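Colleague: One structure, pasted below without further comment.
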Amino acid sequence: MSRPTVVLLHGVGLDRTMWEPTAELLADRFALVTPDLLGHGRNRPAPAGTTLEHLALDAATGIPPGAHVVGFSLGALVAQYLALHRPELVATLTSVSSVCRRTPQEREQVLERLRLARTDFEAAVSASLRRWYAGTDVGAEWVGRTEATLRANDVESFHNCYRVFATADADLGPDLHRITAPAVAVTGADDPGSTPGMSRRLAAALPNCRAAIVPGTRHMLPVQRPGAVADHVTALIGDTAHA
């Protein structure tokens, strides 16, 4: 019997390598697909006017029907779009560190980060690293790898994708109730951007979703607590198979 396929979609400014700690824990049970989103890693740059639809349809070309789709941050929005518009591809949906229906204050905060990235990209990278890793037990090697990935971005392509991340939850919000795939929304208890409140909003909006808050963690759950992410993915797939 073939192994179920798990698709891992990364966050804005990152690439498939951010999934390595989590992928190591899933590889013995699942066939893994780890594409680079449009504008990231080995994929082509994201042009001006890029939308969530563009990112999702590009990712969809490598996703087989009935996959278990796991999205982190921007990748979570991509995964939700696919669950909504290409439901045949998404057997289960795991949203890790996902935003959802930002409040006006939360919207202004992310737009301010977008403005900083446009005016001082280096300062924006440093601010992201502090927001994601400050006070965590993640080793210097992984922080350095994340920094190198961020700094290697095509800056204009990064801006185009970050704009999607900053705005697309507003477009998704009214239709989230149409996502029928079994789902879980996982976030860090101390995540200042993709907050526990957002995961609870997402769980309340989707008809078949629960929220899972991981104590003592910030934004980069797949690096900081890969075991927790792998456990939630595996449990969701197992519950669905049992049902």
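What follows is calculated from the coordinates using simple rules that are stated; it is not laboratory data. Remember, it's a predicted structure, so these values are computed and weren't measured experimentally. Neighbour counts run over all protein chains shown; Cβ positions are idealised from the backbone, glycine included.
Colleague: Measuring from centroid to centroid over Cα atoms, what is the spacing of region 94-153 and region 1-45 in Å?
Modeller: The two parts, judged by their Cα centres, are 20 Å apart.
Colleague: Could I have the simple spin-label model distance between E20 and T119, label points 7 Å from Cα toward Cβ, reported in nm to one decimal?
Modeller: Using points 7 Å along Cα→Cβ, the separation is 3.6 nm.
Colleague: Helix 140-151: angle to the longest alpha-carbon principal axis of the chain, degrees 0 to 90, nearest 10?
Modeller: That helix lies at roughly 70 degrees to the long axis.
Colleague: Over the alpha carbons of region 125-210, what is the largest minus smallest coordinate on each principal axis, giving the biggest first in Å?
Modeller: Cα spread of region 125-210 along its principal axes, largest to smallest: 40, 32, 19 Å.
Colleague: Next question, about the same structure. What angle, in degrees between 0 and 90 and rounded to the nearest 10, separates the Cα long axis of helix 155-172 from the longest principal axis of the Cα atoms of the chain?
Modeller: With rounding to tens, the tilt is 50 degrees.
Colleague: If we count every other residue with Cβ under 11 angstrom of G238's Cβ, Lys/Arg +1 and Asp/Glu -1, where does the sum land?
Modeller: -1
Colleague: With charges set only on the Cβ (+1 for Lys and Arg, -1 for Asp and Glu), what does the dipole of region 5-242 come to about its Cα centre, in debye to the nearest 20?
Modeller: Dipole of region 5-242, to the nearest 20 debye: 380 debye.
Colleague: Under a 10 Å cutoff between Cα atoms, tell me which one of V12, V96, V69 has the largest fluctuation in the Gaussian network model of the chain.
Modeller: The residue with the greatest mean-square fluctuation here is V12.
Colleague: Between 0 and 90 degrees, rounded to the nearest ten: what's the tilt of helix 226-242 against the longest Cα principal axis of the chain?
Modeller: Value to nearest ten degrees: 30.
Colleague: Assuming R0 = 22 Å, what is the FRET efficiency of S2 and R42, from their Cβ-Cβ distance, to the nearest 0.05?
Modeller: The computed FRET efficiency comes out at 0.25.
Colleague: Tally Lys/Arg at +1 and Asp/Glu at -1 over every other residue whose Cβ is under 12 Å from the Cβ of L25; what's the total?
Modeller: -2
Colleague: If you don't mind, there's one more thing I want to ask. Report the Cα centroid-to-centroid distance between region 46-74 and region 167-243 in angstrom, as an integer.
Modeller: The two parts, judged by their Cα centres, are 17 Å apart.
Colleague: Given Cα pairs under 8 Å that are at least 6 residues apart, what percent is the relative contact order of region 5-242?
Modeller: 24 percent.
Colleague: Given H placed on each backbone N at 1.01 Å, which residues far from G39 in sequence or on other chains put an amide H within less than 5 Å of it?
Modeller: R44, A46
Colleague: Still on this model: Evaluate the chain: find the radius of gyration of its Cα atoms, find its Kirkwood radius, and give the ratio Rg to Rh.
Modeller: For the chain, the value is 0.93.
Colleague: Oh, and also: Compare the Cα positions of A46, A91, Q224 along the charge dipole of the chain (+1 at Cβ of Lys, Arg; -1 at Cβ of Asp, Glu; about the Cα centre) and return the one farthest towards the positive end.
Modeller: Value: A91.
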